[in-house]
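Undergrad: Below is one structure. I have some questions about it.
The values are calculated or read from the model by the stated rules, or taken from the named source; none is laboratory data. These numbers come from a predicted model, not from an experiment. Note that each Cβ is placed from the backbone with ideal geometry, even for glycine, and that neighbours are counted across all protein chains shown.
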Amino acid sequence: MSKQAFVFPKESGNSYVSLTAELRKPLTAFTVCLQAYTDLTRDYSLFSYATKKQNNEILLFKGQKGAYSVSVGGADVFFKLPECSPAPMHFCVTWESHSGITELWVDGKPMVRKSLKKGYNVETDASIILGQEQDSFAGGFDKGQSFVGDIGDVNMWDFVLSPDEINNVYQGSVFSPNVIDWQELKYKAYGEVFIKPQLWS
């Protein structure tokens, strides 16, 4: 998938990509990074990780008025970003159980740290979806929350990347992702999803 992106060309309740992760034990920390390009002004999901016990085990979701929410174990924290013209954006979300510290990095810049689900373990029997938000395990899609645009460079680690490492990922480096690896991505695409060259460098 190097230099490629998934393209979701229109609003849909049945177009999505299901990712397969390498997970053997519950997560006590993680980092998820991805690139996205959209001109949507409504709510939409960027990354949805659901288990049979919890629909929003991990969720990166864009709400209205520039607010992004990060969910872990069904609890949410919110990050306010300034409104800007449509452009490709790079996101990294980090979380650690020991402190509950949750970070959202946008285009290599950190938002103010928040705290979420201290002491929690993220379960591993997961349905990981791009393009839709799961209101049930591997389903419950609402086309009004579907993603329209391009998503690529989706990588996930079972630890928190350092600020220097996150900046290097933003600049195009990759540090051997051990949960989801975009270079060796295991996935299934459903509905109208296309693979096209990335529109970002």
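Undergrad: Sort out for me the strands (runs of 3 or more DSSP E) sitting completely within the range 1-85 that have 1 or more residues that are free of Cβ contacts under 8 Å to residues at least 40 places away in the same chain.
TA: Of the strands (runs of 3 or more DSSP E) lying wholly inside the range 1-85, those with at least 1 residues that are free of Cβ contacts under 8 Å to residues at least 40 places away in the same chain span 58-62, 67-72, 75-80.
Undergrad: Has the range 149-172 got any residue that is under 18 Å from GLY13 (Cβ atoms), assigned to a strand (DSSP E or B) and at pLDDT 95 or above?
TA: yes
Undergrad: Here is a list: ALA50, ALA87, ALA75. Which entry is under 16 Å from LEU130 (Cα atoms) and out of contact with any Cys (no Cβ under 7 Å at 6 or more places or on another chain)?
TA: ALA50
Residues checked against (1) out of contact with any helix residue (DSSP H, G or I) (no Cβ under 7 Å at 6 or more places or on another chain); (2) within 23 Å of THR38 (Cα to Cα):
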site: THR94; (1), (2): yes, yes
site: SER99; (1), (2): yes, no
site: ASN121; (1), (2): yes, no
site: LEU130; (1), (2): yes, yes
site: PHE137; (1), (2): yes, no
site: ASP142; (1), (2): yes, yes
site: ILE151; (1), (2): yes, yes
site: VAL154; (1), (2): no, yes
site: PHE175; (1), (2): no, no
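Listed here are the residues, each with its yes/no results for (1) of a type outside the set (D, E, K, R); (2) buried (at least 22 other Cβ atoms within 10 Å of the Cβ); (3) in contact with a Lys or Arg (Cβ under 7 Å, 6 or more places away or on another chain).
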site: LEU59; (1), (2), (3): yes, yes, no
site: LYS62; (1), (2), (3): no, yes, no
site: ASP76; (1), (2), (3): no, no, no
site: LEU130; (1), (2), (3): yes, yes, no
site: GLN134; (1), (2), (3): yes, yes, no
